[in-house]
1. Here's a check for you: in segment 71-114, which residue that is among the aromatic types (F, W, Y) and over 21 Å from R44 (Cα atoms) is surrounded by the most Cβ atoms within 10 Å (Cβ to Cβ)?
2. Can G81 be described as more than 21 Å from G15 (Cα to Cα), modelled with pLDDT under 95, of a type outside the set (A, V, I, L, M) and under 15 Å from the mean Cα position of the chain (by Cα)?
3. Might you let me know whether segment 14-29 holds any residue that is in contact (Cβ under 8 Å) with a residue 12 or more places away in the chain, under 24 Å from V131 (Cβ atoms) and out of contact with any Asp or Glu (no Cβ under 7 Å at 6 or more places or on another chain)?
4. One residue is enough: does segment 131-150 have a residue meeting the conditions of a type in the set (D, E), at pLDDT 95 or above and either outside any strand (DSSP E or B) or more than 16 Å from A58 (Cα to Cα) (or both)?
5. Among the numbered criteria (1) within 18 Å of P199 (Cβ to Cβ); (2) in contact with a helix residue (DSSP H, G or I) (Cβ under 7 Å, 6 or more places away or on another chain); (3) in a helix (DSSP H, G or I), which single criterion is violated by Y29?
6. If you take the residues in segment 115-130 that are among the hydrophobic types (A, V, I, L, M, F, W, C) and part of a loop (DSSP other than H, G, I, E, B), which one is surrounded by the fewest Cβ atoms within 10 Å (Cβ to Cβ)?
7. Any residue that is at pLDDT 95 or above, within 23 Å of G163 (Cβ to Cβ), part of a strand (DSSP E or B) and not hydroxyl-bearing (S, T, Y) - is there at least one of those in segment 43-66?
8. Looking at (1) of a type outside the set (K, R); (2) at pLDDT below 95; (3) outside any strand (DSSP E or B), which is the only condition G163 fails?
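The values are calculated or read from the model by the stated rules, or taken from the named source; none is laboratory data. Source: prediction; values computed, not measured. Neighbour counts run over all protein chains shown; Cβ positions are idealised from the backbone, glycine included.
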Amino acid sequence: MDHRELLAEGLVSLGLEYREEELEALLAYIRELLFWNRRFNLIRSQESELVRRHIIDALAAVPIIRRSVDRKARFADVGSGAGIPGIPLAIFLPEAELLLIERSGKRAGFLRSALVAAGLARRSEVIHSDVRSCGVEADAVVMRAFKPLPEALPLVLPLMRPGGSLFAFHGRRETIQKELEDPLVREFHWILHSLPPGPEGEERHLLQGSYNST
């Protein structure tokens, strides 16, 4: 199957209704990603795995985020790299604002180009900075393949507005339970959502957190 067929199949499997323009935006993003990937190795997976392992995995969080966050929320994707999950999510959250935080200059250049290709440039921005010094605030922070929670939380907490949410893509439940034992991690209120398994049956989860600031 080509990318269009894989995307359509994956979206149906998630129960996500989509418009043609959303599908075209995803395809334009994928083309840009594959073009830049030849030079900068943005993703390590094979091209044949890109849609299922990365794009559909990111989009599995859309229904959860729609239920949890205001439709006009400002999202920060930390350590954005190849733009996943931020860009696929933004395509399906049409009123949201997106900040892609990336410290690598080459990857930041790709992200700017990808936002234009996907038609997101007017409501998105690339922050070329280390997350420690980016100086931005958001209603929600998303992260995928960034850092384990005990390492990530001290970095992302300054980005979160009061009452904000954190959405962290994760794998095995066993690993999650170990990370939830960390003292700082325990200061958050967590909801664990099961996501569809990966292409080889891997466990996939989304951790939704809010900070208990008392």
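1. Step by step, filter segment 71-114, then rank; the result is F75.
2. yes
3. Within segment 14-29 (the criterion being in contact (Cβ under 8 Å) with a residue 12 or more places away in the chain, under 24 Å from V131 (Cβ atoms) and out of contact with any Asp or Glu (no Cβ under 7 Å at 6 or more places or on another chain)), the answer is yes, since at least one residue qualifies.
4. Scanning segment 131-150, I find at least one residue that is of a type in the set (D, E), at pLDDT 95 or above and either outside any strand (DSSP E or B) or more than 16 Å from A58 (Cα to Cα) (or both), so the answer is yes.
5. Just one mismatch for Y29, condition (1).
6. Only one residue tops the list, namely L120.
7. Within segment 43-66 (the criterion being at pLDDT 95 or above, within 23 Å of G163 (Cβ to Cβ), part of a strand (DSSP E or B) and not hydroxyl-bearing (S, T, Y)), the answer is no, since none of the residues qualifies.
8. The one condition G163 does not meet is (3).
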